[in-house]
Amino acid sequence: MNDALHDLPPGIAQAQAAELVAESIVVQFQGLMAISDVSLKVERHEIFGLIGPNGAGKTTLVNCLTGFQRPSTGRVLLAGEDTTGWRPDKFRKQGIARTFQAGRLFRDMTVAENVEVTALGLGMSRRAAHEHAMAMLAWVGLADKADAVAGTLPYTDERRVGIARAMVMSPAFVLLDEPAAGMSDAECDDLMHTIVAIPKEFTCGVLLIEHNMGVIMGVCDRIHVLDGGRTIAQGLPAEIRSDANVISAYLGMEG
Amino acid sequence: MKSGTRPSLVRRFWPLVALCLVVTAIVALGSLGNDELQVTITEMMIRLVVVVGIYLFIGNSGILSFGHIGFMCIGAYAAAWATVDPTWKQMMLTGLPDFLQNNQYGFLPAVAGGGLLAAFVALLLGSAIMRLSGIAGSIATFAFLAIVQSVYSNWESVTAATSSIIGVPTVVGPWVAWLFAIGALVLAYVFQISRFGLMLRASRDDEVAAKSSAVGIVKVRLIAFVVSAFIVGVAGALYAHFLGILTADTFYLSLTFVTLAMLVVGGVGSLTGAVTGVIVVTVVVEVLRHMEAGVAVGATNLHLPQGSQEIGLGIIMALVMIFRPSGLARGREVPWPFTPAARRAKVPAV
Ligand SMILES: Nc1ncnc2c1ncn2[C@@H]1O[C@H](COP(=O)(O)OP(=O)(O)OP(=O)(O)O)[C@@H](O)[C@H]1O
Ligand SMILES: [Mg+2]
């Protein structure tokens, strides 16, 4: 383990929650059922794959799990505690971090500041936040770009900064929304090495949304498949690979 | 400097030092001039306090506020209530509470009171509107300006309404105003590089990402709003003690327009922009004002029509928006001058 990643100032505790649960979530947008009765449980030591065709409801579910979308019915539980009414910043303070499909860096700020902001939001001092941000950037391999303005970064680096920002102060869970979208196979491979290390390095559960089936099958401990807002399959990679519903959903998408 | 090392203290505060030097130089040069120039310089310093105060909120939060001149009004009247002669107050401002009506306070307590009352009002108003994003929040600040205007121009027993408060001691000259300008610059810069400044600027760049970064954006916005209103309230108190006479319509649309024009022309993204805007717009307005009054060319007296100031200012704003939308300073602070040219060229390329 790399100690610099875990050196937290005294008085600042790492998030402790052991499981993140979605319980019968329903999300309706003016009549459109984006999610219908989906339940899942992510545990602290696993990589949990969330897959499904475009528009399946994956991002909407992540929004529910991070406080950005209030479910029409159903609840999100963190270590058994009902999170109803929590704002997004409270979710982060309680140890649920995320990245965004669109990157969403603070474009006018430096790369180091992008990461520092989370550390400040979580209560670190200016100096401690800077040191912690540098350790996180070294971890994703971007220490030499700390002073670059975030808006000038290439796409692949943007994703890494997003992950560094999410991993500040070792959250209990991190939800990665298509972190490898648009990357070449080699870049994607590289990124997956970083992601696979998260559960051990940070004692942090990972929920990974990714379209590349090869990648998903290779890195996930368990997989949950959505289609049209419904759960169509869940289980181990081997079970998902041979599941008739999954095969037809993906064939339907390609055809 | 190695990538990612924290810059030294001197270097971190360099933009502030540079701006303070420029402002000091202007006042020092101005103090050598005639009375008219002294008045111009004093007014410029007071406007600098206003614009820096407005910048602290708008620049860091990205939320446009049309209401700050309302805080200036509140600060100006509060200070005047404290320093005007009690015999006049007992006659004209019968609605004032006893401690104001029957006493006369010094300049400094009056200024502090003006700032604090504005800050307190900002705390109440901000608690209600800081969760609004985008245009809704800006419109609410405009409504606030209109309310302040209407209350202060009608509340006879407290503000003397249309008959003005007179006899405010005129103790503010160039150097007094300068002192407050420096204070405003220091406060704004320290806020900007503080943890709250950084979190607020993150919410300006991307509100959603800031929330996911554990930033309580309502709280950081509110802190900035209150500090910013305090500075503008103080500027109002200074203005009262510069003018000597207070009427509510001093603090309405045209002052709002001029101060926002200063901020936009200089560039809302940096403190350097705020200061640049105040200097440039003041110079332009002064030149146009002189030309309105008339310039003698031989036997004829050429002069621009009345209203040329506003039109000229509008044209300049439009030109800046077209050719340099992020303002004259382009959202940057005064750069550190001691980086070797070779290295400096490398920096943007990282
Ligand atoms: N704010 C919203 N208002 C209305 N409809 C929405 C909103 N957000 C998402 N939707 C709809 O909900 C459905 C699920 O969208 P979501 O973004 O969750 O899918 P996704 O699985 O993440 O897809 P992708 O793979 O394209 O990212 C889509 O039909 C989408 O159009
Ligand atoms: Mg999505």
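The values are calculated or read from the model by the stated rules, or taken from the named source; none is laboratory data. Remember, it's a predicted structure, so these values are computed and weren't measured experimentally. We place every Cβ from the backbone using ideal geometry, glycine too, and count neighbours over all the protein chains shown. In case anyone asks, the SASA skips ligands and DNA or RNA and just uses the protein heavy atoms, side chains included. Shrake-Rupley method; radii C 1.70, N 1.55, O 1.52, S 1.80 Å.
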- Note on the structure: The alpha-carbon pair-distance distribution computed for the stretch B:9-250, with 10 angstrom bins and whole-percent values, is 8, 30, 32, 22, 7, 1
- Message: Show log10 I(q)/I(0) for the protein assembly as shown at q = 0.06 Å⁻¹, two decimals, from a solvent-free Debye sum over equal Cα scatterers.
- Response: -0.41
- Task: First measure r as the distance between the Cβ atoms of B:M321 and A:E43, then evaluate 1/(1 + (r/R0)^6) with R0 = 56 Å and state the FRET efficiency to the nearest 0.05.
- Result: 0.55
- Query: Tell me, which residues of the stretch A:75-111 get at least 50 Å² less accessible area when the other protein chains come in, versus the chain alone (1.4 Å probe)?
  - Reply: A:D89, A:R104, A:F106, A:M109
- Around A:D243, which amide H atoms from residues at least 5 apart in sequence, or from another chain, sit under 5 Å from its own amide H, with H modelled in the peptide plane? none
- Query: Which of the pairs A:K93/B:K219; A:K58/A:K90; A:K58/A:K200; A:K200/B:K211 have their Cα atoms more than 18 Å apart in this structure?
  - Reply: A:K58/A:K90; A:K58/A:K200; A:K200/B:K211
- Query: ³J(HN,Hα) across the stretch A:116-126 via Karplus (A = 6.51, B = -1.76, C = 1.60, θ = phi - 60°), whole Hz, x for Gly/Pro?
  - Reply: 4, 3, 4, 4, 5, x, 8, x, 6, 6, 3
- Tally Lys/Arg at +1 and Asp/Glu at -1 over every other residue whose Cβ is under 10 Å from the Cβ of A:A102; what's the total? -3
- Message: Quick check: at a probe of 1.4 Å, how many percent of the accessible area of chain B sits on carbon and sulfur atoms?
- Response: 71
- Message: At 222 nm, what value in deg cm²/dmol follows for chain A if DSSP H runs of at least 4 each add -39500 (n - 2.57) and the sum is divided by all its residues, to the nearest 500?
- Response: -10000 deg cm²/dmol
- Message: Output wanted: per-residue J couplings in Hz (rounded whole) for the stretch A:168-178, from phi through Karplus 6.51 cos²θ - 1.76 cosθ + 1.60, θ = phi - 60°, x for Gly and Pro.
- Response: 4, 6, 6, x, 7, 9, 10, 10, 9, 8, 6
- Roughly how compact is the stretch A:171-235, stated as its Cα Rg over 2.2 N^0.38 Å to two decimals? 1.14
- Message: Once R0 is set to 30 Å, what does the formula 1/(1 + (r/R0)^6) return for the Cβ-Cβ distance between B:V17 and A:A181, expressed as a FRET efficiency to the nearest 0.05?
- Response: 0.10
- Over the Cα atoms of the stretch A:129-255, compute the convex hull volume and normalise it per residue, giving Å³. 129
- Message: Through the Karplus equation 6.51 cos²θ - 1.76 cosθ + 1.60, θ set to phi - 60°, convert the phi angles of the stretch B:77-93 into ³J(HN,Hα) values in whole Hz; use x for Gly and Pro.
- Response: 5, 4, 5, 5, 4, 7, 9, 6, 4, x, 5, 5, 5, 5, 7, 9, 10
- Task: Give the Rg (one decimal place) followed by the Dmax (whole number) of the stretch A:78-181, computed from C-alpha coordinates and expressed in Å.
- Result: 13.5, 42
- Debye equation applied to the C-alpha atoms of chain A, log10 I(q)/I(0) at 0.10, 0.14, 0.17 Å⁻¹: -0.47, -0.94, -1.34
- Message: How are the alpha carbon pair distances in the stretch B:65-160 distributed across 10 Å bins from zero to the largest one, expressed in percent?
- Response: 16, 42, 28, 11, 2
- How large is the Kirkwood hydrodynamic radius of the stretch B:206-260, in angstrom, based on all distinct alpha carbon pairs? 13.8
- To the nearest 0.05, the calculated FRET efficiency linking B:L37 and B:H303 through their beta-carbon distance, R0 being 22 Å, is 0.60
- Task: Before rounding to the nearest 500, sum -39500 (n - 2.57) across all DSSP H runs of length at least 4 in chain B and divide by the residue total; then give [θ] at 222 nm in deg cm²/dmol.
- Result: -22500 deg cm²/dmol
- Item | Size of electric dipole in the stretch B:196-350: Cβ of Lys, Arg +1 and of Asp, Glu -1, about Cα centre, debye, nearest 20 | 800
- Subtract the Cα-Cα distance of A:T152 and A:T73 from 0.36 nm times their separation in residues, and report this length gain in nm to one decimal. 24.3 nm
- Task: Provide the per residue accessible area, probe 1.4 Å, for the stretch B:9-250, rounded to a whole number of square angstrom.
- Result: 37
- Message: Skipping prolines and chain starts, which residues have an amide H placed within reach, meaning under 5 Å, of the one on A:G49, given they are 5 or more residues away or on another chain?
- Response: A:L208, A:D221, A:R222, A:I223, A:H224
- A:L105 long-range amide H proximity, modeled H, under 5 Å: none
- What percent antiparallel are the DSSP beta bridges of the protein assembly as shown, to the nearest 5? 60
- Item | P(r) tail fraction, the stretch A:33-99 - alpha-carbon pairs more than 15 Å apart, % | 53
- Here the Kirkwood hydrodynamic radius of the stretch B:101-206, Cα-based and in Å, equals 17.3
